[in-house]
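In what follows, a structure is listed as structure tokens, so that the remarks can point back to it.
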Amino acid sequence: MRIDRVELSLLKLPYVHFFETSLGRDEEREFILIKICFDGIFGYGEVVAEKDPSYSYETTSTAWHVLKDFFIPLVFKKSIFSPHDFYREAKKYRGHPMARGGLELALWDLEGKKKEKPLWKIYGGVRTEIPSGVSVGIQDSVSELLERIHSFLQEGYQRIKIKIKPEWDILLCQDIRKKFPDIILQADANGAYSLDDKDTLKKLDEFNLLMLEQPFPPYDLWDHSRLQKEMKTPLCLDESILSVETARKAYEMGSCQIINIKVGRVGGIVEALKIHDFCQEKKLPVWCGGMLESGIGRAHNLHLATLPNFKFPNDLSASKRYYAQDLIEPPVEISSQGTIKVPGMPGIGVFPQENRIKKATLKKEVFKLS
Ligand code: OSB
Ligand code: MG
């Protein structure tokens, strides 16, 4: 039996509230969904590349191109095709982790459905509820941000992550700590600073942050290690960690004390598991980051976050935090304790709603076994 059909769809979903980071403001998300068909079973994956090359160099257009011309032809080549086969075969191409990661996710969903097991059991997960945090973007005013934090805390989120950038950092943390002295708080700069800002960044030590995420640009492990030596607050790397190899270098250089694992950024589950295992061995805790995914990508993330070395609340929030109507049923919901239940059905364990997908689709292309 062979994989006989792969569908790529470009979707657009409006956010319920704009999302702003040091990289800019977005009102909607454009992303690619992948559906793989095999023997009457369907596997779904989500490509987290965005419309613009700001968080990463990848875009929805580059991902479409490399999927169509390079990665999809690989899955038609062999009769049995597991996610591990794909990981191995796709290694002959460089880069484009989000494109390859999205396709690998669809293969994992298929694998879980073939084996009639939820993915978390296949990955070796150890929990069925995931501690949930929320990432709160930059707002038009401090008071609006404080209000949003208040309402997310009411909903049960265990920790708040704020986005910072030069001039939206120290005073902001002072205001937040004045109003919420004891909450679990962390900050993410998405690479907005440089070593010239060292004195400002060191002032963040006053605010008892759980961690400071990605102060410097992605390709800057060395400067992160210099900063970490002078800061008490643990640094966490997001954009910088592209593979288990970069994780090892970051560890050896002392560039961070915590790693944010995003499946898309590292090119799929196989690589994410390697990073998880390496970090566990080195006693470097990890947590699961998000890219404002639809419920399909979010469900995949939930399964990954069941692994034992995921030690902090994750950027895994309820469907309604992002979208008025998610693409899946049931929607992702948060409990009053700030946790999310891991879906128990086979594969990703949630049901993509084809009518909603169709409504959000801008373009679609179907590839068949020839
Ligand atoms: O840096 O973690 C980030 C969203 C898009 C791109 C980068 C990041 C984020 C988030 C949101 O912080 C995380 C989420 O809730 O999905
Ligand atoms: Mg981040």
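The values are calculated or read from the model by the stated rules, or taken from the named source; none is laboratory data. Note that this is a predicted model, so its numbers are computed, not measured. Cβ: placed from backbone, ideal geometry, glycine included. Neighbour counts: every protein chain shown.
Couple of notes before you dig in:
- Only one of the numbered conditions (1) aliphatic (A, V, I, L, M); (2) closer than 25 Å to LYS368 by Cα; (3) under 21 Å from the mean Cα position of the chain (by Cα) is not met by LEU13, and that is (2).
So that you can scan it fast, the table gives a plain yes or no per residue for (1) under 17 Å from LYS161 (Cα atoms); (2) among the polar types (S, T, N, Q):
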| residue | (1), (2) |
| --- | --- |
| ASN309 | no, yes |
| PRO313 | yes, no |
| ALA324 | no, no |
| THR339 | yes, yes |
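- Residues in segment 312-332 that are out of contact with any Ser or Thr (no Cβ under 8 Å at 6 or more places or on another chain) and either among the charged types (D, E, K, R) or under 21 Å from HIS276 (Cβ atoms) (or both): PHE312, LYS320, ARG321, GLU329.
- Scanning segment 30-59 for residues that are away from ligand 2 (no atom under 16 Å from the Cβ), closer than 18 Å to ARG298 by Cβ and crowded, with 22+ Cβ neighbours inside 10 Å gives PHE31, ILE32, LEU33, ILE34, LYS35, GLY43, TYR44, GLY45, GLU46, VAL47.
- Qualifying residue in segment 319-338 (condition: of a type in the set (D, E, K, R) and within 11 Å of the chain's Cα centre (by Cα)): no
- Scanning segment 211-240 for residues that are hydroxyl-bearing (Ser, Thr, Tyr) and within 15 Å of ALA192 (Cα to Cα) turns up TYR219, SER240.
- Boolean, GLU129 is away from ligand 1 (no atom under 14 Å from the Cβ) and of a type in the set (Asp, Glu): yes
- SER319 without any contact (Cβ under 8 Å) to a residue 40 or more places away in the chain and over 26 Å from ARG88 (Cβ atoms): yes
- The test for being farther than 22 Å from ASP277 by Cα, modelled with pLDDT under 95 and not charged (D, E, K, R) does not hold for PHE152.
- Residues of segment 114-128 that turn out to be in contact (Cβ under 8 Å) with a residue 24 or more places away in the chain and over 21 Å from ASP39 (Cα atoms), as a count: 7
- Residue identified as out of contact with any Gly (no Cβ under 8 Å at 6 or more places or on another chain), modelled with pLDDT of 95 or more and in the same structural domain as ARG298 (by TED's automatic domain parsing) among LYS282, LYS262: LYS282
- All strands (runs of 3 or more DSSP E) inside segment 1-82 with 1 or more residues being more than 27 Å from TYR323 (Cα to Cα), of a type in the set (Asp, Glu) and in contact (Cβ under 8 Å) with a residue 12 or more places away in the chain: none
- Per the listing ILE348, ILE334, the residue uniquely in the same structural domain as LEU237 (by TED's automatic domain parsing), crowded, with 22+ Cβ neighbours inside 10 Å and under 20 Å from GLY289 (Cα atoms) is ILE334.
- With respect to being within 24 Å of TYR57 (Cα to Cα) and more than 16 Å from ligand 2 (Cβ to nearest atom), GLY264 falls outside the description.
- Among the residues listed as LYS311, LYS274, the single one being at pLDDT 95 or above and out of contact with any strand residue (DSSP E or B) (no Cβ under 8 Å at 6 or more places or on another chain): LYS274
- Hey, LEU302 more than 15 Å from ligand 2 (Cβ to nearest atom), surrounded by fewer than 23 Cβ atoms within 10 Å (Cβ to Cβ) and modelled with pLDDT of 95 or more or not: no
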